[in-house]
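The values are calculated or read from the model by the stated rules, or taken from the named source; none is laboratory data. Remember, predicted model here, so these are calculated numbers, not experimental data. Cβ: placed from backbone, ideal geometry, glycine included. Neighbour counts: every protein chain shown. Just the protein is used for accessible areas: all its heavy atoms, side chains included, with ligands, DNA and RNA removed. Shrake-Rupley method; radii C 1.70, N 1.55, O 1.52, S 1.80 Å.
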Amino acid sequence: MRLMKRKYVQGILFGVLFATAVSCSACGGKRDEAKKSGETVNAKENVVKKKEAVKLVLSEAKSLPDKVKDAEFSSADKKIATVTKNGVVHGVKRGKTTITMKSDKEVIHYQIKVAKHGMVYPKFTMLTGEHLDIQFSTKVKAKNVKWSSTNKKIATINKKGKIVAKKRGNVIIKGNDGKRTYVSKITVKKRPKNIVYLTFDDGPNSYTTPKVLNILKKNHVKATFFELRPASYDFKLTKRVIDEGHTLALHGYKHKYYEIYKSEKVYKGNLDKLRNLFFKKFGVWCTVSRFPGGSSNTVSRYNKGIMTRLTKKLDGWGYHYFDWNVDSEDAGGARNPQQTFHNVTSELCKGRGNVVLMHDFYGNDKTINALDKMIKYGKKHGYVFLPITASTDAVHHGVNN
């Protein structure tokens, strides 16, 4: 009888041990299978963690693969990519980041890579009344994309991709070309009554540009720099312009009048070459430009009618040109900082956008030593200082050729 009980107990123990071994084997099999597919298993919670790669062009919006209903999503770096509560990721800036999906059953880490190419306005701020022409750094044309606005009271968009800011608020502009969905998150702010746009031509320069930037930084003012092709050792100055929130704009790859105004093709090449250099080096797609000598120049008269033709074609090439309505004369008649200061402050007018022409070429102490005083004068008299953007209302001269 005792022998039978002993065998019975041994049988039960063997069964338990066998079941445990089978269970462990299955668990190990799941881990092996997960390893083969690039997944990991959290044994404590029995949660499967997967990694999936997702590629986006700039401004593209895409639903994440394998997403689970009622899951939670988070982005490690929202400056590069954001994600909605429904699992739609939006490429905001060139770079790499991780978006994590957590549900009751699993966790997925999406490895997000956003290209620098795409629709160049994933996020943009406009003033009421301004308009923005959608731009692509690829071969996609805005007119071939179907556009819509989530709130037409705040901003509208037409078939050609022109956004018009109507009212203060936030709105999402969506476009689809049959292959991709593009999203631009637009913030519309109320236009100030009295605006000053400080602009600097002909830089960057290792003597003047840092001093100008230091004064702007001290006064918390953003400006616009119409640059020529920087020397390689001055690229750091161009990067500083971008990093400190100023607008990088195009003056041209070259400034020699007798070369750049030979033909429309030559002038377009002069802009394209500099824009492509800045895009390659810094990932910034520049559309704001200024003609050397201004659109009213007469130095181009060796090619009769060239400025008339260029001013009509520039928008079609994807550029916007800006002249000025306030001249510091720091490259001409002004002999000292006091005259530079007087020339600017005496021409400021309330109720408009004042575009001030200055220069950051070598040794321009006339502007360096007047700039801080100009800014303090403007603020004291109710002016707001802003950088020119792709949606700013342009100031144009009368064309003389």
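By how many degrees, 0 to 90 and rounded to 10, does the Cα axis of helix 208-218 deviate from the longest principal axis of the chain?
On a 0 to 90 degree scale, this one is about 70.
When DSSP beta bridges are limited to those with both residues in the stretch 48-192, what percentage is antiparallel, rounded to the nearest 5?
On the way: 39 of 54 bridges.
So the antiparallel bridges amount to about 70 percent of the total.
Stokes-Einstein at 25 °C, 0.890 mPa s, Kirkwood radius from Cα pairs: D for the chain in µm² s⁻¹?
Rounded to a whole number, D works out at 99 µm²/s.
Between residue 379 and residue 113, what is the FRET efficiency for a Förster distance of 30 Å, r being their Cβ-Cβ separation, to the nearest 0.05? Please list the in-between numbers first.
Working: r = 43 Å, r/R0 = 1.44.
Once rounded, the FRET efficiency stands at 0.10.
Can you list the aspartates and glutamates whose alpha carbon is less than 17 Å from that of residue 366, not counting same-chain residues fewer than 8 positions off?
201, 202, 327, 329, 330
If I fit a long axis through the Cα atoms of helix 365-380 and take the longest principal axis of the Cα atoms of the chain, what angle between them do I get, 0 to 90°, rounded to 10?
Taking Cα atoms only, the helix is inclined about 70 degrees.
Report the gain in length on full extension from residue 218 to residue 100: 0.36 nm times residue separation, minus Cα-Cα distance, nm rounded to one decimal. Spell out each step's value before the answer.
On the way: separation 118, 0.36 × 118 = 42.48 nm, distance 3.98 nm.
Difference between extended and current length: 38.5 nm.
Is there a quick way to get the dipole size of the chain? I mean about its Cα centre, with the Cβ of Lys and Arg at +1 and of Asp and Glu at -1; what is the value in debye to the nearest 20?
On the way: 78 positive and 34 negative charges, 335 e Å.
For the chain, the charge dipole is close to 1600 debye.
With charges set only on the Cβ (+1 for Lys and Arg, -1 for Asp and Glu), what does the dipole of the stretch 36-172 come to about its Cα centre, in debye to the nearest 20?
Values: 32 positive and 12 negative charges, 141 e Å.
Rounded to the nearest 20 debye, it is 680 debye.
Work out the FRET efficiency for residue 93 and residue 312 from their Cβ-Cβ distance, taking R0 = 30 Å, and round it to the nearest 0.05. Write out the running numbers ahead of the final one.
Working: r = 34 Å, r/R0 = 1.15.
Step by step, r from the Cβ atoms, then E = 0.30.
Given the pairs 93/116; 113/222; 217/379, which span a C-alpha to C-alpha distance of over 19 angstrom in this model? Intermediate values should be presented prior to the final figure.
Working: 93/116 7 Å; 113/222 30 Å; 217/379 15 Å.
Beyond 19 Å between Cα atoms: 113/222.
Stretch residue 400-residue 268 to full length: gain in nm at 0.36 nm per residue minus the Cα-Cα span?
Details: separation 132, 0.36 × 132 = 47.52 nm, distance 1.97 nm.
Length gained, residue 400 through residue 268: 45.5 nm.
Per 0.36 nm of contour for each residue apart, how much would the distance between residue 53 and residue 206 grow if the chain were fully extended, relative to their Cα-Cα spacing?
On the way: separation 153, 0.36 × 153 = 55.08 nm, distance 4.27 nm.
Between residue 53 and residue 206, full extension yields an extra 50.8 nm.
Put a dot 7 Å past each Cα toward the Cβ at residue 72 and residue 160; how far apart are the dots in nm?
4.8 nm
Modelled label-to-label distance, residue 63 and residue 139, 7 Å Cα→beta-carbon offset: nm?
In this crude label model, residue 63 to residue 139 measures out at 2.9 nm.
Express in whole angstrom the spacing between the alpha-carbon centres of the stretch 129-181 and the stretch 65-99.
Value for the Cα centre distance between the two parts: 22 Å.
Excluding ligands and nucleic acids, what accessible area in Å² is computed for residue 182 using a 1.4 Å probe, to the nearest 10?
For residue 182, solvent-accessible area is about 0 Å².
Taking Cα centroids, how far is the stretch 193-242 from the stretch 266-339 in Å?
After rounding, the separation between the Cα centres reads 16 Å.
Give me the aspartates and glutamates in straight-line cross-link reach of residue 280: C-alpha distance below 14 Å, same-chain residues under 8 apart excluded.
The qualifying aspartates and glutamates are 272.
Below 15 angstrom from the Cβ of residue 215, what's the summed charge of the other residues (Lys, Arg +1; Asp, Glu -1)?
Working: positive: 211, 217, 218, 222, 240, 366, 373, 376, 379; negative: 244, 330, 360, 365, 372.
Counting the neighbours of residue 215, the net charge comes to +4.
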